Amino acid sequence: MGIMIAVSMIAVGQGLLAQTVGRRAETHATVPPPSQLLGPTLVLQDSVILEEGAETYVGDPLGFFVGPDTSFHILDGFGNQVIRFAKTGEFVRTYGRQGRGPGEFGFIGDVGFAYSDLMGVVDWRPPRLIFFDPESGRSLGSIRLSDFAHHSVWADVDRVWVTGIDETPGGWRAVAEIPVSALPGGDGEVVSRVASDRVSVPKVYVESMQIRYGTGSVFVSPGRDDLLIGFGASPFLLRVSRTGEVLDTLNLRAVKRRGVPADDDYIRGMDSKRYDDMGAYTRASFEMASLLASLSRGAEDDYVYTVHFDPVWRDSGGPVGLRGGPGGLRYVSSSKVDGSEPCPDTVVPTEDDGRVATRLRGNELFVLDQRIVAGAGHVRTVIRRFTIDPTRCTGEVLR
């Protein structure tokens, strides 16, 4: 099976620069029972090369999100702006620029969303959620966020969900709800600070400030009647009501990825007294756990899909893999919402010489992969779209 996966990864990595691939290879592999815990089958649907130019190239893709028309919005840390490309790769427009004024980013974050007539992107300096008109690019104002990093933003029908770890009088909380009626009205309007007010934060983040800042990511996926909440370095998802009451806990099995230590082991392992300097301490914090990087579920709220990442510290400059570049493997997993039919840890095929970022949308996995073009002296940015088949636990990647 390892040879089969490796061959599939090589084929995907080397032969998919055409604008559309969309062909599916014949396979006669026997589908093993779920008890063998192989990952879900990934089926490549297409591969798009972004149309970059001298003024619109992707310099440092911190992350990206997909619009309702399947356009790609790249959150570029180099230009401190959002670069939008059509689903076929053509450049559409940019949003924002360096600055502190309306529609400007002090330091663009790695998350955002695009709705039918609204786009929102997190700015880290100062912490806020900046809104744009998707068609004109005009700034529609912003909402001040709490001082903790925000790792997930999701637009629902009549509200926006934002995650970020906050200390409240009732304890540490992870999720905030912003009704559409509370959004800015445009013309640079700034709405007062919004903080998380629901869903308790796991013990490991409360008892260790270092872990909270280093791996304290929170992800949300709204359903019709509930929310799925995932924490960056925790081996479970919470299914909660929209007001925050816990309804169920879903354990995330680890097979190929390194998994997550128990809370007490994690806290002891991150005792800073064991390390000679902050660099060694930081390196250990990222190499102890497999980190949740993305979360979604199927259109019928029946299946859950996750992407995990095993970061690897590079001696040349830190945990570059955490920002989407080389330095670790990514894995996609699936299961039913009730925890049945687990298919963990299919390796996501990526290159090793450029930045990488992933995004889930239902049962679709989008992979932004930068690669150095041999002999051309520049980097090419490709986005591949896979569908995830949770009913076939083969661990394969098929064309």
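Looking at this structure, is Gly141 assigned to a strand (DSSP E or B), at positive phi, touching a residue at least 40 places away in the same chain (Cβ under 8 Å) and in contact with a Leu (Cβ under 8 Å, 6 or more places away or on another chain)?
yes
Looking at Val255, Val191 in this structure, which one is within 30 Å of Gly137 (Cα to Cα) and surrounded by 15 or more Cβ atoms within 10 Å (Cβ to Cβ)?
Val191
Just one of (1) open to solvent by 10 Å² or more (accessible area, probe 1.4 Å); (2) in contact (Cβ under 8 Å) with a residue 24 or more places away in the chain trips up Ala280, so point out which.
The failed condition is (2).
State which residue is modelled with the lowest pLDDT when the search covers only the range 371-393 and only residues that are open to solvent by 10 Å² or more (accessible area, probe 1.4 Å) and either within 16 Å of the chain's Cα centre (by Cα) or among the polar types (S, T, N, Q) (or both).
Looking at residues that are open to solvent by 10 Å² or more (accessible area, probe 1.4 Å) and either within 16 Å of the chain's Cα centre (by Cα) or among the polar types (S, T, N, Q) (or both), I get Thr391.
Tell me yes or no: at least one residue of the range 194-201 is touching a residue at least 40 places away in the same chain (Cβ under 8 Å), closer than 19 Å to Trp124 by Cβ and buried (at least 18 other Cβ atoms within 10 Å of the Cβ).
yes
Using the structure shown, decide if Phe148 is in contact with a Gly (Cβ under 6 Å, 6 or more places away or on another chain), of a type in the set (A, V, I, L, M, F, W, C) and not in a loop (DSSP other than H, G, I, E, B).
So Phe148 fails the test.
Can you list the strands (runs of 3 or more DSSP E) lying wholly within the range 47-109 that have 2 or more residues being open to solvent by 60 Å² or more (accessible area, probe 1.4 Å) and modelled with pLDDT of 95 or more?
Hits in the range 47-109: 91-95.
Answer yes or no as to whether Leu118 is closer than 25 Å to Asp166 by Cα and open to solvent by 10 Å² or more (accessible area, probe 1.4 Å).
When the stated conditions are applied, Leu118 does not pass them.
Does the range 317-325 contain at least one residue that is open to solvent by less than 20 Å² (accessible area, probe 1.4 Å), modelled with pLDDT under 80, over 30 Å from Asp46 (Cα atoms) and not in a loop (DSSP other than H, G, I, E, B)?
The answer is yes; a qualifying residue exists.
Quick check on my filter: what residues within the range 135-162 are over 20 Å from Ser296 (Cα atoms) and either crowded, with 22+ Cβ neighbours inside 10 Å or in contact with a Cys (Cβ under 7 Å, 6 or more places away or on another chain) (or both)?
Those that are over 20 Å from Ser296 (Cα atoms) and either crowded, with 22+ Cβ neighbours inside 10 Å or in contact with a Cys (Cβ under 7 Å, 6 or more places away or on another chain) (or both): Leu140, Ser142, Ile143, Leu145.
Scanning the range 168-181 for residues that are among the aliphatic types (A, V, I, L, M) and open to solvent by less than 40 Å² (accessible area, probe 1.4 Å), which turns out farthest from Arg198 (Cα to Cα)?
For the range 168-181, the residue satisfying everything is Ile178.
List the number of the failed condition for Trp124; all other conditions in (1) open to solvent by less than 30 Å² (accessible area, probe 1.4 Å); (2) under 18 Å from Leu145 (Cα atoms) hold.
Checking Trp124 against (1) open to solvent by less than 30 Å² (accessible area, probe 1.4 Å); (2) under 18 Å from Leu145 (Cα atoms), the one that fails is (1).
For Ala29, state whether it is in contact with a helix residue (DSSP H, G or I) (Cβ under 8 Å, 6 or more places away or on another chain) and either open to solvent by 10 Å² or more (accessible area, probe 1.4 Å) or modelled with pLDDT of 95 or more (or both). Quick ask: steps written out before the conclusion?
Numbers: in contact with a helix residue (DSSP H, G or I) (Cβ under 8 Å, 6 or more places away or on another chain): yes; either open to solvent by 10 Å² or more (accessible area, probe 1.4 Å) or modelled with pLDDT of 95 or more (or both): yes.
So Ala29 fits the description; yes.
For the range 215-246, enumerate the residues that are within 22 Å of Ile267 (Cβ to Cβ), more than 16 Å from the chain's Cα centre (by Cα) and open to solvent by less than 30 Å² (accessible area, probe 1.4 Å).
Within the range 215-246, just Leu238 meets the criteria.
Need the failing condition index for Ile165 against (1) touching a strand residue (DSSP E or B) at 6+ places or on another chain (Cβ under 7 Å); (2) open to solvent by 50 Å² or more (accessible area, probe 1.4 Å), just the number.
Condition not satisfied by Ile165: (2).
The values are calculated or read from the model by the stated rules, or taken from the named source; none is laboratory data. Bear in mind that the values here come from a model prediction, so they are computed numbers and not experimental data. Counting neighbours? That spans all protein chains shown, and the Cβs are built from the backbone with ideal geometry, glycine included. We work out accessible area using only protein heavy atoms, side chains counted, and drop any ligands, DNA or RNA first. Shrake-Rupley method; radii C 1.70, N 1.55, O 1.52, S 1.80 Å.
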